[in-house]
1. With respect to B:THR125, is the statement that it is under 25 Å from C:VAL64 (Cα atoms) and at the interface with chain C (Cβ under 9 Å from one of its Cβ atoms) true?
2. Please verify whether segment B:20-32 includes one or more residues that are free of Cβ contacts under 8 Å to residues at least 24 places away in the same chain, crowded, with 22+ Cβ neighbours inside 10 Å and either of a type in the set (A, V, I, L, M, F, W, C) or outside any strand (DSSP E or B) (or both).
3. Take C:ALA157 and tell me if it is in contact (Cβ under 8 Å) with a residue 40 or more places away in the chain and more than 24 Å from C:GLY109 (Cβ to Cβ).
4. Within segment B:115-130, is even one residue buried (at least 16 other Cβ atoms within 10 Å of the Cβ) and in contact with a strand residue (DSSP E or B) (Cβ under 6 Å, 6 or more places away or on another chain)?
5. Inspect segment B:153-160 for any residue being at positive phi, of a type outside the set (A, V, I, L, M) and either surrounded by fewer than 20 Cβ atoms within 10 Å (Cβ to Cβ) or away from every other protein chain (no Cβ under 13 Å) (or both) and give the result as yes or no.
6. Evaluate the following for B:SER90: is it surrounded by 14 or more Cβ atoms within 10 Å (Cβ to Cβ), at positive phi and of a type in the set (Ser, Thr, Tyr)?
7. Quick check on this structure: which one of B:SER187, B:SER259, B:SER237, B:SER248 is hydroxyl-bearing (Ser, Thr, Tyr) and within 22 Å of A:ARG6 (Cβ to Cβ)?
8. Do you know which residues across segment B:7-19 are surrounded by 21 or more Cβ atoms within 10 Å (Cβ to Cβ) and within 14 Å of chain C (Cβ to nearest Cβ)?
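The values are calculated or read from the model by the stated rules, or taken from the named source; none is laboratory data. Worth saying up front: this structure is predicted, and the values here are computed from it rather than measured. When we count neighbours, we look across all protein chains shown, and the Cβ atoms used for this are built from the backbone with ideal geometry, even at glycine.
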Amino acid sequence: MIEEGRALFLQIAESIENSIVDGSLAEESRAPSTNELAAFHRVNPATAAKGLTVLADKGLLTKRRGVGMFVTAGAREKLRAERRAVFAARFVEPLMVEAATIGLNAGEVIAMVKDRATAVGAQS
Amino acid sequence: MNPVVRARDLVKAYPAGNALDGVGFDLEANTIYGFLGRNGAGKSTTMSIITSQLFATSGTVRVFDEDPYENPRVLGRMCFVRENQKYPESMTTAHALRAASLFYPGWDHDFAERLVADFRLPLKTKVKKLSRGQLSAVGVIIGLCSRAEITFFDEPYLGLDAVARQIFYDRLIADYAEHPRTILMSSHLIDEIADLIERVLVIDGGRIIMDETVEEATSALTRATGPTAALDRLARSHRVLERRTMGSAGALVFHGIPSEAESETATHAGVRLESVGLQESIVHRTAAAATATGPELSPTSMEGALS
Amino acid sequence: MSQTARIVNVIRLQFVNRQPFLWIPLLVFGLAVALSLMIYAMIPETGPKYGGAAQAPMWTFLFVGVSAMTLTFPFSQSVGLARWEFYLGSLAAAAVGAAALASAFIVQGFIERATDGYGMDGYVAHLPWLWESGWWAAWLTFFVFTLMAFVLGFWSATVFKRWGMTVLVAVLGVLGVAIAGALLVVSRREAWGEVIAWFATAGCLQLTGWLALLTAVLAGLSYLTLRRAVP
């Protein structure tokens, strides 16, 4: 529940998840190693390893003996589904709380969403 | 796993009082420890005793299950460059590095060369003519390149600017990843090293008051900010360390993590919950330990704590 | 790394910078010779001229001993050396330095003999009393004396490190008083003639033997003091 200052290994796991979701880390390709992650994020290798373990436990990464960790086939779709499931709670809810605080009703918010959607080029 | 260092009941008595007053802890193999505490808390004293440079008044130290005193089998696997390390008469930087390399079979000459370039160290300058930062850099290079199984860094950043400190942290992590070993690093710059270390040892008043993983340390305390009424509810069910109010809102620091239900109620009431960073967590708990041990430490003496 | 290799590396450590153990003593020796020659050249009288300037480089080892303790010892502790390893290696390094210096002294002696004292009958190294049992006896005397200077410097610095100035002054004071007392006794008994006769008959070799014994005792004391010394 605590959002800020979340455990470092979760942040690292999430950064890899993001790469998988946005496609920059393709399925079946090699995931960054513990040491690469440690050097990149400037964290203790144990923390980086823990981040990778989280992803392996979720089945997003698969260990190949002596070669390293690879992105599991279907990982991207799995993550997208997972994120869709929490989208309302994670984004819409705080949006509506803030909207209520500043006196915007649902209709006005929807109008703004549609307006912005065309701006960022998302499909409506 | 079998610890590489076991310190038990270490007491170091001086006429002015005890520098160490029953210090005990284990160091596990292949772990980076942050050794934290205020000035004069006993960090350097402890490291000196483990390496047999200094003698404890009582208590025991075992390194690799042996007594380190006059024992090359054990001493030769450690490296401890002091914060105010002395170097032999009229030695230059190059001399000092060559001298240190003699005693470590795993010494990495190429790495040393790269670090000299990174830190822009003048090789032909005499060590006693180096600036504070350059002197620290020499110690850092010896510590890193020795690849000693147990390496001690005693406030290695003194006089180093932000760029040089980042270089040190980066090289430390990269080299440690390739060559895991036990590292005990004393530091006042807690937030700078918080991500590098795996465990924290906090010493205060000659005693170890925290010996836990960084995760445990940072999840031990929670800060809540929001309306006073909601904070009151949280305060009733948790041990409060600090409370500040401003108008109808305030901030609360308390022990533990609120339950799922608790945080949901609190969030709905407009309370923001966050875990407390390592530095702040240690400052709070050091202050708490000081008040718990007795009145000899006044609140004002806590000023500049760990800074 | 084998135990022998570690001790040998302590010797190498002491010679990483060759200045204190080698070049400075040799430089002092060179200066002492040069200075003596200038003085001999100014003395008008004929007949052999002898001088004691060659002992100057020996005394540099006093300072070498002090700095080995005050500076090199703390460094040795940072790189994981046991006190005894550092001590043995440093003693060996001092022996190497002393041997080099003694050899330079002997070479100088041969030069003096070959050139009849630089053509002016002046001697700094080729002193009859030292050389009477042969060049090797002169070498040995010079060597032992230099090593003793090192041990004395090292031990003094160790005493100072462990117990401070007061104790060091007290120890050196007691030594001084003992020597002064001995001299006083000799004077009181008007025994100077006998003493000089003893030195003359004993020769430098026997004296060197006594010096070596004294050095060994000092070296032992030095180690015992170092065992609990803190850098």
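1. no
2. Scanning segment B:20-32, I find no residue that is free of Cβ contacts under 8 Å to residues at least 24 places away in the same chain, crowded, with 22+ Cβ neighbours inside 10 Å and either of a type in the set (A, V, I, L, M, F, W, C) or outside any strand (DSSP E or B) (or both), so the answer is no.
3. So C:ALA157 passes the test.
4. Looking through segment B:115-130, at least one residue is buried (at least 16 other Cβ atoms within 10 Å of the Cβ) and in contact with a strand residue (DSSP E or B) (Cβ under 6 Å, 6 or more places away or on another chain).
5. Checked against the condition, which is being at positive phi, of a type outside the set (A, V, I, L, M) and either surrounded by fewer than 20 Cβ atoms within 10 Å (Cβ to Cβ) or away from every other protein chain (no Cβ under 13 Å) (or both), segment B:153-160 yields at least one hit.
6. Taking the combined requirement at face value, the residue satisfies it.
7. Only one candidate qualifies: B:SER259.
8. B:LYS12, B:ALA19
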